[in-house]
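**Q** First, the structure itself, so that you have it in front of you.
The values are calculated or read from the model by the stated rules, or taken from the named source; none is laboratory data. None of the values given here were measured: they were computed from a predicted structure. Backbone-built Cβ (ideal geometry, glycine too); neighbour counts: all protein chains shown.
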Amino acid sequence: MKTLTSIIIFLFVTTTSFGQDISGTPYGLTAEDNEIWLKKVLLSDKETKLTLIQHRFFRQKEFKKLANDAIPILIANGIVVNEVANIELRNLLVNQLTPDNVQVTILDKEPEGLYVNKAWTGIIILNIKDRKINKLLKRQKSL
């Protein structure tokens, strides 16, 4: 009976929390909130950085963005990844990225000489060492 009760509790906990955004950070933020979020990510350790990025960019159920919302540019191995990215790519990035196979670089201030054709919101650069992800990214780039 204890085993059955344990299984039911486990299933209840895992199914009710499965797929929910635990970060509490929506996709689109005001410019000020986005700046605060970028600084939080910048000051975090490598594992926390990756978790925050995954929750904001890949685990969202809905990618709502108002006209004045700010969203950093996310670049994975030279390819811009956004809300319209291939679902297969997003699922792979959320499930396969680990602190061991990715290096995260965050630009929270606009570098001199860089021209971005939108209001500055920051750039997140992911340098991924995983071959499977690299192959999918190259395929996505050619589309």
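**Q** Given (1) surrounded by 12 or more Cβ atoms within 10 Å (Cβ to Cβ); (2) outside any loop (DSSP other than H, G, I, E, B); (3) out of contact with any strand residue (DSSP E or B) (no Cβ under 7 Å at 6 or more places or on another chain), where does LYS135 come up short, assuming only one miss?
**A** (1) is the only condition that LYS135 fails.
**Q** Could you please give the count of residues in region 89-110 that are within 14 Å of the chain's Cα centre (by Cα) and either modelled with pLDDT under 85 or more than 21 Å from LEU29 (Cβ to Cβ) (or both)?
**A** Residues of region 89-110 within 14 Å of the chain's Cα centre (by Cα): 89-99, 102-106.
Now narrow it down to the ones that are either modelled with pLDDT under 85 or more than 21 Å from LEU29 (Cβ to Cβ) (or both): 89-99, 102-103.
Qualifying residue count, region 89-110: 13.
**Q** Is there any pair with a first residue in region 26-46 that is on the phi < 0 side of the Ramachandran plot and part of a helix (DSSP H, G or I) and a second that is among the small types (Gly, Ala, Ser) and surrounded by 15 or more Cβ atoms within 10 Å (Cβ to Cβ) whose Cβ atoms are under 6 Å apart and which are 6 or more apart or on different chains, and what are they?
**A** If the second residue must be among the small types (Gly, Ala, Ser) and surrounded by 15 or more Cβ atoms within 10 Å (Cβ to Cβ), the pairs left are ALA31/ALA70; ASN34/ALA70; LEU38/GLY122.
**Q** Are any residues in region 122-132 over 15 Å from the mean Cα position of the chain (by Cα) and either surrounded by 13 or more Cβ atoms within 10 Å (Cβ to Cβ) or in a helix (DSSP H, G or I) (or both), and if so, which ones?
**A** Residues of region 122-132 over 15 Å from the mean Cα position of the chain (by Cα): 129-132.
Scanning region 122-132 gives ASP130, ARG131, LYS132.
**Q** Looking only at region 57-76, filter to residues that are surrounded by 18 or more Cβ atoms within 10 Å (Cβ to Cβ) and at pLDDT 85 or above; which one of those is nearest to GLU110 (Cα to Cα)?
**A** Out of the qualifying residues, it is PRO72.
**Q** Within region 69-88, track down each residue that is assigned to a loop (DSSP other than H, G, I, E, B) and under 19 Å from TYR27 (Cβ atoms).
**A** Narrowing region 69-88 to residues assigned to a loop (DSSP other than H, G, I, E, B): 69, 71-72, 77-78, 82-86.
Hits for region 69-88 are ASP69, ILE71, PRO72, ASN82, GLU83, VAL84, ALA85, ASN86.
**Q** A follow-up question, please. Can ALA85 be described as at pLDDT 75 or above, among the small types (Gly, Ala, Ser) and out of contact with any Cys (no Cβ under 6 Å at 6 or more places or on another chain)? Can you show your working first?
**A** On the way: at pLDDT 75 or above: no; among the small types (Gly, Ala, Ser): yes; out of contact with any Cys (no Cβ under 6 Å at 6 or more places or on another chain): yes.
Answer is no for this residue.
**Q** How about region 79-115: which of its residues are more than 22 Å from ILE36 (Cα to Cα) and touching a residue at least 40 places away in the same chain (Cβ under 8 Å)?
**A** The answer is ILE79, ALA85, ASN86, GLU88, LEU89, LEU92, LEU93, VAL94, LEU97, THR98, PRO99, VAL102.
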